[in-house]
1. About the Cα centre of the chain, what is the dipole size in debye to 20, counting +1 per Lys and Arg Cβ and -1 per Asp and Glu Cβ, all else neutral?
2. Using Cβ counts within 10 Å as a stand-in for footprinting exposure, how do 477, 137 rank, fewest first?
3. Return the tail of the calculated pair distribution for the stretch 150-240, meaning the percent of Cα-Cα pairs more than 23 Å apart.
4. Under 1.5 on a/c is rounded, so check that first for the stretch 330-378, then, if it is not, pick prolate when a/b is larger than b/c and oblate when it is not; a ≥ b ≥ c are the square roots of the alpha carbon gyration tensor eigenvalues.
5. Once the principal axes of the Cα atoms of the stretch 1-137 are found, what is the range along each, listed largest first in whole angstroms?
6. Would you mind ranking 102, 547, 321 so that the residue whose beta carbon has the fewest other beta carbons within 10 Å leads the list?
7. Take the Cα radius of gyration of the stretch 287-362 and divide it by 2.2 N^0.38 Å, with N its residue count; two decimals is plenty.
8. How big is Rg to Rh over the chain, alpha-carbon atoms, Rh as the Kirkwood inverse-mean-distance radius?
Amino acid sequence: MCGIVGYVGKEEAAPFLLDGLSKLEYRGYDSAGIATIDGTKLVVEKCVGRLAALKEKIDGHVPKGTIGIGHTRWATHGRPADNNAHPHTDGAGRFAVVHNGIIENYLPLKEGLLKKGHEFKSETDSEVVVHLLADVYDGDFEAAVHRVLTMIEGSYSLVFLSKDHPDRLICAKKDNPLVIGLGNGENFIASDIPAIISRTRRTYILNDGEIAVVHRDGVDVCNFAGERIDKKVFEVNWNAEAAEKGGYEHFMLKEIHEQPKAVRDTMSQRIAKDGKSVVFNELKWDKDFLDSIDKISIVACGTAYHAGLVGKTYIEKLVRIPVEIDVASEFRYKDPIIDDKTLTVVVSQSGETSDTLAALKEAKRRGAKTVAITNVVGSSIAREADRVIYTWAGPEIAVASTKAYTTQLVAFFMLALYMAEIEGTQPSERIAELIAALQKLPDDVSRTFEDMEPIKTFATKYGFNEDAFFIGRSLDYNVAMEGSLKLKEISYIHAEAYAAGELKHGTLALIVKGVPVIALATQKSVYEKTLGNIKEVKARDAVVIGIAAADDTELAKYVDHVIKVPATDELLIPILAVIPLQLLAYYAAVTRGCDVDKPRNLAKSVTVE
Ligand code: F6R
């Protein structure tokens, strides 16, 4: 996730900018840059790589000036490169801008600006903002920023610097964090509190739809309509470590709670304006291309493999193309039956998993067409695949994958809808209905957190059990597998996921009095059958926690506790149903005193075979 800093005051800006950015390094980034105003000159220094590379680049000629902005970039639009790093400037070098988020309508805006003669230096969506500013500017900086905000769509935190107004920074927020640090004769801006707490603990936390004009002696905040807002000072009492985690105890918990935004960002720019179709500019497939494919092969490891299982159902149900799925370490050595009529989809959060990368190369060697679903722009897997669908989840720091999984499901769901539309395998009304459910999903994810207290209680109570079972049918079984993996890897509890109908073929022997069973019953098409299996474990005195949709009235009669998630289409409910399981694993691990973010024996990116 990108980091933003800004300074206006009486001291040199660059030392604060560099120090503030270093406090945001933990969030992951691939390039960095700063801009200051030195007298009447706007000075920009930026480069790909770590902050150390930027410091080396400016060694001996650190940009001067008492006002400036800085940025660490986590690539989305455009690979990690010097020209794609922020701050971006307009052609005349009058303005500089740093941006976090996604400008959804940047393409049409860019086309318009190109026609007017603006020259772009980067492949980013962000650069469009600074050219727009230059385009509408008539001497009134604030008015120009207001005007730009009416033209851009998407999510953003933005900070604007103007050579003509070296006494102020203007910042604006929508769906991305932005905080103003209040000093004495100096003020600070940052995307996250860690960047500023060594200088001040008095802050204004900006809300969506707010703009602030930040001078060294004062801050004026208004809404996008220009109405003044009286902000309350928020005193930060977190220590530096807690601040990095946004006040959460662990990165994993923070990332679990970032899922509404991660899901929204992954959908962003991929739904047509009329809400009736999915747009994948990065694929540009047509009927001829899809007709040339007779099967799909999904390959991935761990959590990404579990996402692939759900993806298989999405594609088979909506597109009616057969899908095979393999864990990457098996695929490589099984002499896979794939050829140029196969589309291989590899899934990897990091884009660096060695087994998945090798499987991708093997698929290509056999002539398959390939597409990668990954979270890291410019990663090895992204570079190797023919096409890439990025999940815009932002960097995942905890070893246990959470927001990467839910965004991979969103990517698969959209891919299936996209293919179904091209192939004509679903009526357009059904596609529109599913897209409407998808658009509601970020809010559904947010609402899922409202009723999670019982999960904490259950995890605390059963956290010291040595075994747990997860059961479900159909998509619920796939989610059960992910829940079981999460519990194992961070709490070290032995957990097994079982297809509920398969229990009686062996595993039922392990279900005895007091054994915790997490039973997912969100899939209406197999609901009665699942209930039958739940009764089987209840009859053996298991302690059953059921996961159901909000409109469920039955399950409570058969289980010890029910956790409800918002009701939505049964294809999308896995994205909600996994959240209580992530929280269950988290709280069980906390109860057992485990190192939640860095579980034993595991690494975030597995680059060995
Ligand atoms: C589990 C987990 C792992 C990864 C697996 C693949 O929480 O994080 O199972 O999913 O190592 O990693 P990526 O997705 O980076 O290829």
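None of the figures in this text is laboratory data; all of them are computed from the coordinates on show. What you see is a predicted model, and the numbers here were worked out from it, not measured in a lab. Virtual Cβ from ideal backbone geometry, glycine too; neighbours counted across all protein chains shown.
1. Details: 73 positive and 87 negative charges, 109 e Å.
Using Cβ point charges on Lys, Arg, Asp and Glu, the chain gives about 520 debye.
2. Working: 477 23, 137 20.
By the 10 Å Cβ count, ascending, the order reads 137, 477.
3. Details: 783 of 4095 pairs.
Summing the P(r) of the stretch 150-240 above 23 Å gives 19 percent of all pairs.
4. On the way: a/c = 2.61, a/b = 1.55, b/c = 1.68.
Note, shape of the stretch 330-378 comes out oblate.
5. Each principal axis gives a Cα extent; for the stretch 1-137 these are 40, 33, 21 Å.
6. On the way: 102 21, 547 32, 321 18.
So the residues, fewest neighbours to most, are 321, 102, 547.
7. Working: Rg = 12.1 Å, N = 76, 2.2 N^0.38 = 11.4 Å.
Output field value: 1.06.
8. Values: Rg = 25.3 Å, Rh = 25.5 Å.
Computed over Cα atoms, the ratio is 0.99.
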